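Below: the structure, in structure tokens.
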Amino acid sequence: MMIIYIIAAVCAALLAGFLYQTLGVRADRKRFPAPGEFVQIGNRRVHLRDMGQGNLTVILESGLMSTVLAWNDIQPELAKSTRVISYDRAGLGWSDGGQEPRDASRLINELHALLAEKKIDPPYILVGHSFGGVTMPLFATSYANEVAGIVLIDPVAPTEWNPPSEKDRKRAEIGAKVCRRASYAAHFGVLRLIVAMIQLGAKAFANRMIGTISKGAPSDSNTTESPWFWNLPAAERAMAPVFWTQAKCCRAIGSQLGNLAASCAQVLAAGPIEVPLVVISAANVSPERLKGHRMVAERATKGRHIIAERSGHWVTEDQPELVIQSILELVESAREQVAEKSQSAHGS
């Protein structure tokens, strides 16, 4: 009889947690409406912000856990000169979840489908921050006739992960496992409860719960003081308690991490980039990644490498003017080429 009571209590707790999470997500959607528009791709919606006008479009690709909010300061400035698109990859931000595995090949094909559905015609200037340094080069080689240039901002260097060091391999493997655990916990409101405890000042209790979910993770990433959270731009940090408590987000991040080595292998197998490419490194980048950045620039037929002397990983926050200038230079160059081709066609 006691076992029956225990099972009933567990089921009741799970049901209560599920309802807590479901109602919380509904409330969040009302409190924090999407800043952009939704585009229907098959049976899911993708969130997209479309600014500016022009015959050439800049595509902004965010980092591993980031959303359109990462470009809050950059996108409006670029939109004064050209059309600019930012979007939330499936599972992140306001977008619906997507199919797995979340490797680079799937991600760029989803982006291409989004651009086609929205009728955003090429040529494109691709801009990728961090994890975007994996997806944007693969897009450029997979859809070579549609890309006019690339800017990579302190990107993940594919050579670092081909093959990954034992340390990096274990970190990615553990990160993926932690994200899978978190996704299960999110379904039943556990992550939402942790956020509520932090807001109420019960950090010790919250840290114990985080530690349980994050068992095996590096010590700097499994507490309420994690730099993964505090190093985010203010707009991203403000919405992290909303996005990171959803199972779709945990699954997406976990799958991206778990497939990072495979994604980097896809990039390297695709061959060199044939359009102008700029790689911007943070001033505090590790020697290994700096070497990788140089190799990325050298593999391109028209590659250039820049060091942002006053920036950490978030160059978009520390030196936005450098990012904007680098992008607009490629925009102007691409426009000149388009004009030359048009004149040549009319002349013939």
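The values are calculated or read from the model by the stated rules, or taken from the named source; none is laboratory data. What you are looking at is a predicted structure, and each value in this text was computed from that prediction instead of being measured. Neighbour counts run over all protein chains shown; Cβ positions are idealised from the backbone, glycine included.
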Query - Residue list for segment 75-97, filter: among the β-branched types (Val, Ile, Thr) and not in a loop (DSSP other than H, G, I, E, B) - result: Val84, Ile85
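Here are Leu64, Leu56, Leu69: which of them is touching a Ser or Thr at 6+ places or on another chain (Cβ under 9 Å), buried (at least 19 other Cβ atoms within 10 Å of the Cβ) and over 22 Å from Val195 (Cβ atoms)?
Result: Leu56 is the single residue among Leu64, Leu56, Leu69 that is touching a Ser or Thr at 6+ places or on another chain (Cβ under 9 Å), buried (at least 19 other Cβ atoms within 10 Å of the Cβ) and over 22 Å from Val195 (Cβ atoms).
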Query raised in the report: Which residues, taken from segment 269-291, are under 20 Å from the mean Cα position of the chain (by Cα) and part of a helix (DSSP H, G or I)?
Result: Arg289
Requested in this report: Name the single residue, out of those in segment 142-183 being hydroxyl-bearing (Ser, Thr, Tyr), at pLDDT 95 or above and out of contact with any Pro (no Cβ under 9 Å at 6 or more places or on another chain), that is nearest to Asp103 (Cα to Cα).
Outcome: Ser142
Query - Leading residue by the ranking (surrounded by the fewest Cβ atoms within 10 Å (Cβ to Cβ)) among those in segment 88-114 that are under 20 Å from Leu268 (Cβ atoms) and among the hydrophobic types (A, V, I, L, M, F, W, C) - result: Leu111
Query raised in the report: With respect to Asp88, is the statement that it is under 17 Å from the mean Cα position of the chain (by Cα) and at pLDDT below 95 true?
Result: no
Query raised in the report: Looking only at residues in segment 164-179 that are of a type in the set (Gly, Ala, Ser) and surrounded by 17 or more Cβ atoms within 10 Å (Cβ to Cβ), which one is farthest from Thr212 (Cα to Cα)?
Result: Ala172
Report task. Among the candidates Val338, Val296, Val323, single out the residue that is touching a strand residue (DSSP E or B) at 6+ places or on another chain (Cβ under 9 Å), surrounded by 17 or more Cβ atoms within 10 Å (Cβ to Cβ) and more than 30 Å from Glu100 (Cβ to Cβ). Result -> Val323
Query raised in the report: If we keep just the residues of segment 292-316 that are over 25 Å from Ala70 (Cα atoms) and assigned to a loop (DSSP other than H, G, I, E, B), which is nearest to the chain's Cα centre (by Cα)?
Result: Ala300
Query raised in the report: Only one of these conditions is not met by Gly36: (1) of a type in the set (Gly, Ala, Ser); (2) crowded, with 21+ Cβ neighbours inside 10 Å; (3) more than 20 Å from Ala247 (Cα to Cα); (4) in contact with a Lys or Arg (Cβ under 8 Å, 6 or more places away or on another chain). Which number is it?
Result: (2)
Query raised in the report: Given the residues Phe205, Phe188, Phe139, Phe229, which is the only one that is without any contact (Cβ under 8 Å) to a residue 12 or more places away in the chain and surrounded by 16 or more Cβ atoms within 10 Å (Cβ to Cβ)?
Result: Phe229
